[in-house]
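Here the structure is laid out as structure tokens; the discussion comes afterwards.
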Amino acid sequence: MSKSGRNYTKEKIRQRHIANKKRKHPIRLFIKSWDFWGKSCLGLFVFGMFIYSLNDNVTIHFLWIIYACICLPLFPFAKKCSDDVLRHYFSESTFEDVINGSSPRGLGGLYLMLIIPFVIPLAAGYFIYQIINYK
């Protein structure tokens, strides 16, 4: 069979689609983006201060420190999940100015404080959604 045959080109197209699909997984794209590193630095800042402040009485606050250490690498994914959900319900400009903004009229600090207790479920939900959506 020649290399310009119909079955050959279909097979090549299918292989190209599989190769493109493997490279463009949403979690990998998010990890390679600057958004991930910004959210990681924010999580390091928030949970780093939390761990440092509880470090004086390690025996009393041991479970809180463990929780913060678990939440530290999961925070960017939880923040991305909550951002995507809120962007779905609000316009982009409303989300950036009011909800996620750091201006005096913005609710950025309150938004951050509402995310922190739900880091593990939000991150798990983000991973499950992306894995199911990718298939």
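Work out from phi, with θ = phi - 60° and the Karplus expression 6.51 cos²θ - 1.76 cosθ + 1.60, the ³J(HN,Hα) of each residue of the range 25-30, listed in order in whole Hz, and give x for Gly and Pro.
Working through the residues one at a time gives 5, x, 5, 5, 5, 5 Hz.
What would the Debye formula give as log10 I(q)/I(0) at q = 0.18, 0.24 Å⁻¹ for the alpha-carbon point model of the range 15-76, no solvent?
-0.69, -0.91
Between residue 11 and residue 97, what length comes free when the chain is fully extended (0.36 nm per residue of separation minus the Cα-Cα distance, one decimal in nm)?
Full-extension gain reported as 26.1 nm.
In whole Hz, with x marking every Gly and Pro, tabulate ³J(HN,Hα) for the range 54-63 from phi via Karplus 6.51 cos²θ - 1.76 cosθ + 1.60, θ = phi - 60°.
So the J values, rounded to whole Hz, are 8, 6, 5, 10, 5, 5, 7, 9, 4, 5.
Under a plain spin-label model, where a point goes 7 Å from the Cα along Cα-to-Cβ, how far apart in nm are residue 85 and residue 134?
2.1
Which value, to two decimals, describes the C-alpha radius of gyration of the range 33-134 once divided by 2.2 N^0.38 Å?
1.16
How many nm separate the modelled label positions at residue 114 and residue 57, each set 7 Å beyond the Cα in the direction of the Cβ?
For residue 114 paired with residue 57, the spin-label model returns 3.1 nm.
In what sequence, highest mean first, do 72-81, 59-68, 34-43, 118-127 appear when ranked by Cβ atoms within 10 angstrom?
Put in order of decreasing packing, that is 72-81, 118-127, 34-43, 59-68.
Here, each number is a calculation from the coordinates, and none is a lab measurement. Here the structure is a predicted model, which is why all the values come from computation and not from measurement. Cβ coordinates were reconstructed from backbone atoms using ideal geometry, including for glycine residues, and neighbour counts include every protein chain displayed.
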